[in-house]
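Throughout, read-outs are computed from the coordinates displayed, never taken from laboratory work. Small disclaimer: the values here were computed from a predicted structure and weren't measured. Here the Cβ positions follow ideal geometry from the backbone for every residue, glycine too, while neighbour counts run over all protein chains shown.
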Amino acid sequence: MLETLKLVSRQGYAFVARNFHLVKRYWGWELVWLIYCIVNALSITFIGVGMGTLTGSQDVDTGYLVVYLMIGTLVWQFLSSLFENISQMIQWERWEGTIEYTLMAPVRRYVHMAGQTVFAIIYGLILTGLIAIVMALFFELDLSRANIFGSVIILAMGGVSFVGIGIVASVLPLLYPERGTQMAYIIQALLLLISGVYYPVEVLPGWLQTVAKISPATYVLEGMRRALLEGTPTYELGGYIWPLLGMGIVVLPIGMSLFRAGERYARRTGRLKRSG
């Protein structure tokens, strides 16, 4: 049993290490992406600073708007990074020419997914942390009333749900070598639209508000804002924590089942070798 655990740990670590070696290889693109994310985050948050000027009103609480937009920007950066790194793992294999080696290797698929997930979490935390540090140099962030513990729980629960959604989306590049990646990005864009990243969900049309209830990002963002902006106690955040936990429990097994079925189909139809 101990030897099996050691083997599984080494195999999982191998996927984490390989992905970080890819980051090192393409460090130039990583730097470009980091700068783009920082500039994008600053640009969005400056909207809050300029709201008083745009409306001509002195009653606008620009400090609240700045923190509101900062939370949305940073939370979405982390969640979308999770989604991208997991949903695009098959496409990365194709780009590197290793898809057949990886999927034919004597490694259990859950070990493969676990290694990819650990890398996605670490990468997302590092990227989001660097963006947060730069933003802190530009904007004053008052967290004196914040419930940090509650916000961490909500983010963790949301991360589990997004891992499941990322695994579901990773099936698309497996089934559709030419169009799967584009389809995964469409899912990400739709989640951005309906989840209230930069605005309250209540401003959306009624039918989109209904759709927003199935997005885990909606609960993460609303819960994080209540915890950080209002200091809501953790026991009052159950309306956000429990739905996220339920989504994670449901979506993760579904994602794994779909991936196994998609992998079997791709092997049978010869889609593993094709590049898109």
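Which longest run of the chain has no exposed loop site in it, a site being GluC sites (Glu not before Pro) in a DSSP loop with at most 15 other beta carbons within 10 Å, and the site itself not part of the run?
Longest stretch, sites excluded: 1-139.
Counting only Cα, what are the radius of gyration and maximum Cα-Cα distance Dmax of the range 28-102, in Å?
Final numbers for Rg and Dmax: 18.4, 62 Å.
Charges only on Cβ, +1 for Lys and Arg, -1 for Asp and Glu: so what's the dipole of the range 70-213 about the Cα centre, in debye to the nearest 20?
300
So how do THR117, THR62 line up by other beta-carbon neighbours within 10 Å, fewest first?
Placing the least packed residue first, the sequence is THR62, THR117.
Filter the trypsin sites (Lys or Arg not before Pro) in the range 193-269 down to the DSSP loop ones having no more than 12 other Cβ atoms within 10 Å, then list what survives.
LYS213
Please give me, ordered by residue number, the trypsin sites (Lys or Arg not before Pro) of the range 93-180 that lie in loop per DSSP and have at most 13 other Cβ atoms within 10 Å.
ARG108, ARG145, ARG179
Can you work out the base-10 log of I(q)/I(0) for the chain at q = 0.11, 0.12, 0.13 1/Å, using the Debye formula on its C-alpha atoms alone?
-0.68, -0.80, -0.93
What dipole magnitude, in Debye to the nearest 20, does the chain give about its Cα centre under +1 on Lys/Arg Cβ and -1 on Asp/Glu Cβ?
It comes to approximately 1500 debye.
Using Cα pairs under 8 angstrom and six or more residues apart, how large is the relative contact order of the chain, in percent?
Values: 317 pairs, mean separation 69.8, N = 276.
Taking the mean separation of contacting Cα pairs over the length of the chain, I get 25 percent.
At 0.890 mPa s and 25 °C, plugging the Kirkwood radius over alpha-carbon pairs of the range 161-276 into Stokes-Einstein gives what diffusion coefficient in µm²/s?
D, rounded to a whole number, is 155 µm²/s.
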